Amino acid sequence: MFSLEGITNFIHEWLNSHLPATFALLVEFVLVGVAAIGLFAFLGLVLVWMERKVAAVMQLRLGPNRLGPKGIFQTSADTLKLIMKEALTPDNADKLLFNLAPFVVIIVAMLILAPISFAKNFQIWDINIGVLYVTAISSLSVIGVLMAGWSSGNKYSLLGAMLSGAQIVSYELSAGLSILTIIVLTGSLKISDIVASQENGWWIFKGHIPAIIAFVIFIIASTAETNRAPFDLAEAESELTAGFHTEYGGMKFALFFLAEYINIFIVCAIGATLFLGGWMPFHIGHWVAFNHIMDYIPSSFWFFGKTGFLIFLIMWFRWTFPRLRVDQLLNLEWKYLLPISMFNLLLMSVMAIMGWYF
Amino acid sequence: MFEEVGTTTEGDLIINLGPQHPATHGVLHLVITLNGEIIKKVEPHLGYIHRSIEKMTESLSYRQFIYVTSRMDYLSAHINNHACALCVEKALQLEVPQRAQYIRVIMDELTRIASHELWWGAMAMDLGAFTPFFHAFREREKINEIMEETCGARLTMNYMVPGGVMVDLHPDFQKKVKAFIQQYKAKIHEYDELVTGNIIFQNRMKGIGYLSAQDAVSYGCTGPVARGSGVASDIRKIAPYDVYDKVEFDEVLQTEGDSFARYMIRIQEMHQSIKIIEQLIDVIPDGNFQAKTKAVIKLPKGEFYQRVETARGELGVYIVSEGAAQPYRIKYRSPGFSNLSALDHMVRGHKIGDLIAAMGTLDLVIPDIDR
Amino acid sequence: MTKEELKIQILTILPTVSFEETGEWLQVLVAAEDWKLFAQQLHASAELQFDYLFCLTCVDWKTHLTMVYHLTSTTYRHNIVIKIKLDSINPFIETVSDIWRTAEFHEREVFEMFGVNFLHHPDLRKLILPDDWIGYPLRKNYEDPINMIKL
């Protein structure tokens with residue numbers, strides 16, 4: 001069977017049998033770092049291509065179709081173009097912050113990758129506060145956006161960054177509360193525990209209606225947190241030209257662009273882990289034979305399949321809905337989503353205490 | 001002309017929207033004074049695409065000057081041409097053959113649909129929805145193909161000439177138009193499903209950019225902008241030209257006066273245009289498509305004014321003739337120019353996002369404003 | 001209302017006007033100094049209700065300028081054309097932008113194209129041309145050696 005766990009175990013044993021333990025660990029660090037950056041680049045290329053293809057399907061056209069089969073190399077070519085471009089810094093800009101901002105955004109995105117479980121026993125760091133870590137780190141990305149907007153010396157950027165700040169801070173509340181709803185059931189913040197708790201069924205099925213409500217709120221809030229349409233006020237093209245990254249060009253812009261797609265991948269991965277069982281195959285209660293058949297599909301397929309589905313959902317939103325206005329956006333969060341998710345959390349707590357779930 | 005970029009002494013923020021901005025659909029330059037995020041004043045600066053068509057026309061003959069008008073409101077090129085042709089015919093007291101009149105009205109209405117389709121897509125794009133644009137172009141493409149077949153051009157048709165139309169219809173014209181009507185009717189419900197019924201869209205549009213009926217008249221608004229405020233201003237009804245008095249259609253009116261009302265007017269106007277075309281397409285009479293005119297047209301001394309209803313509102317052509325082969329003075333009263341003047345009044349106290357939404361419903365075409 | 005009825009109504013407002021019979025609509029010749037008051041009464045009069053200024057322009061007759069106002073009523077649908085003779089050296093006239101708001105932009109256009117000075121206009125600046133433009137392009141004696149304005 002094709003298994004990512006087997007590969008990592010093999011590398012680990014091979015290194016330990018040839019090198020002292022300390023060196024083996026160091027080599028493993030380097031390997032993990034290279035793998036993470038490789039995944040970054042790969043995800044960026046694939047997701048941008050996927051977005052363009054999804055958009056094309058929605059819009060009755062073909063999308064990229066010239067470079068390679070189905071235009072798969074189009075994004076690589078675009079990246080090459082962006083690397084070749086001159087990295088301009090506007091005169092009015094605060095040079096240090098302006099150049100630092102894209103890196104803050106991309107590093108934050110990179111950090112969240114650590115606790116995500118890509119397949120069975122295939123995880124960079126199974127930290128015991130995994131979900132808390134993710135929510136805590138992801139709130140840092142707003143700093144990068146604010147830095148970019150403020151330091152550009154452009155009023156559109158400033159307005160975009162301010163809107164983005166208000167938006168991300170608000171929607172973190174709902175996202176956090178809907179994550180808590182599942183934590184109430186699992187009783188653990190550790191990603192591996194959360195996945196393991198879904199062995200006899202995913203939480204979205206086991207948790208009844210509150211879990212479904214939490215899932216819907218999570219998807220809305222995470223769309224808003226990643227600044228995607230219909231919540232893309234920070235970069236509202238038709239209003240603020242490009243919002244906080246108006247002044248960026250070349251590779252610095254590409255880093256913002258990449259971070260956006262990495263963030264989408266991460267929120268969808270978290271959503272898949274919490275609600276759809278992560279790498280856990282589709283299991284139904286005590287149907288041993290059925291569950292056994294499902295186990296034949298490798299766990300990485302399950303994980304990437306679920307994440308891909310959620311990513312598709314978020315892309316579908318983008319190409320369907322018009323954009324909200326800023327006051328409507330904040331109203332939606334503070335007047336609807338937050339009270340609903342608080343009540344939902346209460347309901348779920350009662351259910352967890354009474355044991356009203358599978 | 002360019003204000004000092006920076007905050008003013010009162011702490012207001014001045015933002016230059018355009019001349020290169022995705023939402024201005026051309027080279028419109030708005031200087032916006034913001035207080036926080038609330039708009040205090042919007043001041044248009046025009047002229048980035050001013051070609052002084054009125055001055056140019058003073059040295060063009062009455063056959064040539066029609067072609068220039070296609071470049072004004074390029075989305076209603078047919079209707080602009082029509083206005084000029086009508087004005088010359090009025091001055092010459094020329095009887096236009098029935099066939100030409102029917103063709104002109106059908107072409108006008110096709111143009112109106114094409115223009116509203118483009119507006120619908122661009123409007124949705126202003127609000128951040130990209131997909132409707134492509135859906136609109138699916139139908140618009142069919143109209144462009146029909147135009148191309150008969151007129152030889154897709155955008156600046158130059159098909160109307162004094163006395164009729166330039167060439168006869170393409171043999172496939174009727175068949176293609178009927179096929180288009182079929183397609184339109186089969187697909188139009190998608191427009192409402194995709195945009196009109198969307199709750200986000202309705203919240204963005206309702207109550208935004210309110211214009212009372214009194215203000216609409218005072219600002220000289222015409223077309224869907226005026227009708228959205230409940231002002232009957234359809235020239236096709238007030239002063240019918242060609243065969244508009246023979247066809248049956250409703251002047252769509254809404255009384256709300258907000259952006260959503262203007263949106264609904266245009267959607268329903270497309271249905272009305274289809275209705276007009278359906279009434280005419282099967283009964284185009286045979287005969288000449290052009291009346292006999294002299295090689296060099298000379299208008300009698302006097303002043304002539306012709307009003308027509310373009311997709312954006314009332315277009316007036318005012319010709320002052322001294323009896324020569326060229327007009328002494330010509331004035332185009334363009335609908336966009338007056339509609340734009342109401343923008344400041346409409347959006348004060350709103351946010352930038354509302355300005356974009358309200359501006360979208362004005363359906364501005366910049367060459368039409370600048371001329 | 002027919003042309004004759006309109007004439008009677010207008011003469012009751014301002015007896016000093018004269019009429020021109022040519023053209024589709026009734027043409028009223030007014031003196032520049034009477035214009036402001038006359039315009040206010042045209043707009044306010046219950047019988048006339050000329051609430052809609054659909055065209056405002058100017059014609060350069062070399063010896064003098066003529067302001068041309070096309071008015072209509074959205075209630076009664078009758079139209080008139082107002083013509084006002086102006087001096088071509090120093091043309092000035094009262095603004096009507098407080099009566100018909102649409103005149104604000106149209107008067108700015110006439111101001112930059114013909115050099116007509118509109119008194120008491122709220123914001124009389126160049127609208128289309130750049131601020132440093134010299135000359136009035138739509139006047140008959142305007143020459144521009146750089147830009148093509150004649151064919």
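The values are calculated or read from the model by the stated rules, or taken from the named source; none is laboratory data. No experiment lies behind these values; they were computed from the predicted model shown. Note that we place each Cβ from the backbone using ideal geometry, even for glycine, and neighbour counts take in every protein chain shown. Just the protein is used for accessible areas: all its heavy atoms, side chains included, with ligands, DNA and RNA removed. Shrake-Rupley method; radii C 1.70, N 1.55, O 1.52, S 1.80 Å.
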> In whole Å and largest first, what semi-axes does the C-alpha gyration tensor of chain C yield when each eigenvalue is scaled by 5 and square-rooted?
Replying inline: 29, 16, 14
>> Cut-off 17 Å, label point 7 angstrom out along Cα-to-Cβ of B:Gln214: give me the residues of the range C:51-89 whose amide nitrogen falls inside.
In response: C:51-53, C:74-75
> Based on DSSP, what percent of beta bridges with both residues in the protein assembly as shown are antiparallel, to the nearest 5?
Replying inline: 85 percent
>> Given the whole protein assembly as supplied and a 1.4 Å probe, what does the accessible area of A:Val108 come to in Å², nearest 10?
In response: 10 Å²
> Under a 1.4 angstrom probe, counting protein chains only, how are B:Arg104, B:Arg348, B:Arg307 ranked by accessible area, largest first?
Replying inline: B:Arg348, B:Arg307, B:Arg104
> Can you list the residues of the range C:91-110 that have at least 30 square angstrom less accessible area with all protein chains present than in their chain by itself, probe 1.4 Å?
Replying inline: C:Arg101, C:Thr102, C:Phe105, C:His106, C:Glu109
> Given springs between every Cα pair under 10 Å in a Gaussian network model of chain B, which of B:Glu193, B:Glu269, B:Glu89 has the largest fluctuation?
Replying inline: B:Glu193
> If you find the alpha carbon centre of the range A:101-170 and of the range A:274-294, how far apart are they in angstrom?
Replying inline: 32 Å
>> Taking amide H atoms as placed 1.01 Å from N in the peptide plane, list the residues 5 or more away in sequence, or in a different chain, whose amide H sits under 5 Å from that of B:Ile14.
In response: B:Gly6, B:Thr8, B:Leu34
> Per residue in the range A:309-330, which ones lose no less than 10 Å² of accessible surface when going from chain alone to all protein chains (1.4 Å probe)?
Replying inline: A:Arg318, A:Trp319, A:Thr320, A:Phe321, A:Pro322, A:Arg323, A:Leu324, A:Arg325, A:Val326, A:Asp327, A:Gln328
> For the range A:88-354, what is Rg from Cα atoms divided by 2.2 N^0.38 Å, rounded to two decimals?
Replying inline: 1.05
> What does the accessible area of C:Thr2 come to, in Å² to the nearest 10, when a probe of 1.4 Å is used?
Replying inline: 80 Å²
> Of A:Ser17, A:Ser188, A:Pro115, which is farthest along the charge dipole of the protein assembly as shown in the positive direction, counting Lys and Arg as +1 and Asp and Glu as -1 at C-beta?
Replying inline: A:Ser17
> Using a probe radius of 1.4 Å on protein heavy atoms only, what is the accessible area buried between chains C and B, both sides summed, to the nearest 100 Å²?
Replying inline: 3800 Å²
>> Over chain C, with a Gaussian network built from C-alpha contacts below 10 Å, which listed residue (C:Gly23, C:Gly135, C:Gly115) shows the highest mean-square fluctuation?
In response: C:Gly23
> Averaged per residue, what accessible area in Å² does chain A show with a 1.4 Å probe, protein chains only?
Replying inline: 46 Å²
> Per residue, what accessible area does chain B have, given a 1.4 Å probe and all protein chains present, in Å²?
Replying inline: 32 Å²
> Using the alpha-carbon centroid of each, what span in Å lies between the range B:42-94 and the range C:67-114?
Replying inline: 21 Å
>> Against the 2.2 N^0.38 Å scaling, with N counting residues, where does the protein assembly as shown land? I'd like the Cα-based Rg ratio to two decimal places.
In response: 1.14
>> 5 Å is the cut-off here: which amide hydrogens, built 1.01 Å from N in the peptide plane, fall below it relative to B:Glu314, excluding neighbours closer than 5 in sequence?
In response: B:Thr222, B:Gly223
> Taking the Cβ-Cβ separation of A:Leu97 and B:Asn35 as r and a Förster radius of 30 Å, what is the calculated FRET efficiency to the nearest 0.05?
Replying inline: 0.65
>> Of the candidates C:Asn79, C:Asn141, C:Asn117, which one comes out as most mobile in a Gaussian network treatment of chain C with C-alpha springs shorter than 10 Å?
In response: C:Asn141
> Accessible surface of B:Ser321 in the full protein assembly, 1.4 angstrom probe, to the nearest 10 Å²?
Replying inline: 0 Å²
> By how many nm would the segment from A:Val34 to A:Val350 lengthen if fully extended, with 0.36 nm per residue of separation less the alpha-carbon distance?
Replying inline: 109.2 nm
> Given charges of +1 on the Cβ of Lys and Arg and -1 on the Cβ of Asp and Glu, with all other atoms neutral, how large is the dipole of the protein assembly as shown about its Cα centre, in debye to the nearest 20?
Replying inline: 1400 debye
> Based on Cβ point charges of +1 for Lys and Arg and -1 for Asp and Glu, what charge dipole magnitude is obtained for chain C about its Cα centre, in debye rounded to the nearest 20?
Replying inline: 220 debye
> Roughly how many Å² is the accessible area per residue of the range C:3-94, as a whole number, for a 1.4 Å probe?
Replying inline: 43 Å²
> Got the relative contact order for the range B:50-370 handy, in percent, Cα pairs under 8 Å and 6 or more residues apart?
Replying inline: 27 percent
>> Let me check I've understood the local charge: for B:Leu155, count other residues with C-beta under 12 angstrom from its C-beta, Lys and Arg +1, Asp and Glu -1. What total comes out?
In response: +1
>> I want the local charge near B:Gly207. Using Cβ-Cβ distances under 15 Å, sum +1 for each Lys or Arg and -1 for each Asp or Glu among the other residues.
In response: +2
>> Need one number: nm distance between label points at B:Ala291 and A:Met342, each 7 Å from Cα along Cα→Cβ, rounded to one decimal.
In response: 7.6 nm
>> At 1.4 Å probe size, with the rest of the protein present, what percent of the exposed accessible area of the protein assembly as shown is carbon and sulfur atoms?
In response: 64 percent
> Quick one: Cα centre-to-centre distance for the range C:1-42 and the range B:176-251, in angstrom?
Replying inline: 35 Å
> Put a dot 7 Å past each Cα toward the Cβ at A:Lys335 and C:Asn147; how far apart are the dots in nm?
Replying inline: 5.0 nm
>> At a threshold of 8 angstrom on Cα-Cα distance, excluding pairs fewer than six apart, so keeping six or more, what relative contact order does the range C:3-94 reach in percent?
In response: 26 percent
> Of the cross-linked pairs B:Lys301/C:Lys83; B:Lys331/C:Lys83; A:Lys53/B:Lys185; B:Lys40/C:Lys36; B:Lys142/B:Lys246, which ones have a Cα-Cα span greater than 19 Å in the structure shown?
Replying inline: A:Lys53/B:Lys185; B:Lys40/C:Lys36; B:Lys142/B:Lys246
>> Am I reading the A/B interface right? What is its buried accessible area, both sides, 1.4 Å probe, to the nearest 100 Å²?
In response: 2600 Å²
> Dipole of the protein assembly as shown (Lys/Arg Cβ +1, Asp/Glu Cβ -1, origin at the Cα centre): which of A:Phe42, A:Pro64, B:Tyr48 lies farthest to the positive side?
Replying inline: A:Pro64
> With the contact rule set at Cα under 8 Å and sequence spacing of 6 or more, what percent relative contact order holds for the range B:34-181?
Replying inline: 26 percent
>> What does the charge count around A:Gln74 come to, taking other residues whose C-beta lies under 12 Å from its C-beta (Lys +1, Arg +1, Asp -1, Glu -1)?
In response: +3
>> Along the Cα→Cβ direction, 7 angstrom out, place labels at B:Lys185 and B:Ala325. What is the inter-label distance in nm?
In response: 5.0 nm
